[in-house]
Each structure stands twice: as structure tokens, then as C-alpha cells.
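K.L.:
Just passing along the structure, written as C-alpha cells.
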Amino acid sequence: MKFQDLLAYQKAQDLAMQIFKVSKQFPREELYSLTDQIRRSSRSTASNIAESYAKRLYPKHFIGKLSDSDGENLETQAWLQFALDCEYLDSRSLTD
């Protein structure tokens, strides 16, 4: 099994790619603030899941990386809320 086989990783990767696509439409003045932050946190969610898989034999490191991933996911949610509030997206922009 590879980390790419993990459902959590697949969902995080898919969301990061959806965010990348929709954030291309954000205003240019948001490029180095909201756009950059939301892309980085969404990518970090997936990458921390991958890192946790590498640490799976070491419970404290494994849990730590999953905790980091959870934190990045919450950060992504906060940035998405800003994007919604600024009307850069609507609630249907990120769907399966």
C-alpha cells in the first residue's frame, strides 16, 4: 500500500486541486495573500497525510503529523470562508 491509496489523502489532494482551479479566478490583488494562503494550506493538508504515512510505525510522530494535517485543514476552511465572504466563490464552487 502507498500513501496515495489512502482515502483521506485522495480527498485532500482532490480538494487542493479544486481550490487551485477556482482560485485562478480570484482578483489579482489577492495573489500574494488569500490565493497563496489557501493554496498552501490545502496542499499542506494532503502532504501532512503523506508524511504521517511514512511515520506510521512511530505512534507519536504519526499522530503529530495527522494533527498537523487537521490544523491545515481547519486553516483551509477559514480561508474558504474568507473567499465566500468576499464573494470570490459561492457555496457551489467546490463540489464533488
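K.L.:
So, in the stretch 78-96, of the ones that are within 11 Å of Ile19 (Cα to Cα) and under 13 Å from the mean Cα position of the chain (by Cα), which residue ends up modelled with the lowest pLDDT?
P.N.:
Selected residue: Leu94.
K.L.:
Condition first: closer than 30 Å to Met1 by Cα, touching a Ser or Thr at 6+ places or on another chain (Cβ under 7 Å) and polar (S, T, N, Q). Now tell me which residues in the stretch 26-85 satisfy that.
P.N.:
The first filter runs over the stretch 26-85 and keeps only residues closer than 30 Å to Met1 by Cα, leaving 38-77.
Then keep just the ones that are touching a Ser or Thr at 6+ places or on another chain (Cβ under 7 Å); that gives 38-39, 41-42, 45, 48-49, 52, 62, 65-66, 69, 72-73, 75-76.
Scanning the stretch 26-85 gives Ser41, Ser42, Thr45, Asn48, Ser52, Ser69, Asn73, Thr76.
K.L.:
Quick one: Ser44 ticks every box in (1) surrounded by 12 or more Cβ atoms within 10 Å (Cβ to Cβ); (2) more than 23 Å from Ser93 (Cα to Cα) bar one, so which box is it?
P.N.:
(2)
K.L.:
Looking at (1) loosely packed, with under 15 Cβ neighbours inside 10 Å; (2) part of a helix (DSSP H, G or I); (3) in contact with a helix residue (DSSP H, G or I) (Cβ under 8 Å, 6 or more places away or on another chain); (4) basic (Lys, Arg), which one does Arg56 not meet, given that it meets all the others?
P.N.:
Only one criterion is unmet by Arg56, namely (2).
K.L.:
Pick from the stretch 1-41 the residues that are assigned to a loop (DSSP other than H, G, I, E, B) and of a type outside the set (Phe, Trp, Tyr): which of them is surrounded by the most Cβ atoms within 10 Å (Cβ to Cβ)? Explain how you work it out, then say what you get.
P.N.:
Within the stretch 1-41, the subset assigned to a loop (DSSP other than H, G, I, E, B) is 1-2, 6, 24-27.
Within this subset, residues satisfying the condition of being of a type outside the set (Phe, Trp, Tyr) are 1-2, 6, 24-25, 27.
Details: Met1: 6, Lys2: 8, Leu6: 17, Lys24: 8, Gln25: 10, Pro27: 10.
Looking at the filtered set, the residue picked out is Leu6.
The values are calculated or read from the model by the stated rules, or taken from the named source; none is laboratory data. As the structure is a prediction and not an experimental result, all values here were calculated from the model. Note that each Cβ is placed from the backbone with ideal geometry, even for glycine, and that neighbours are counted across all protein chains shown.
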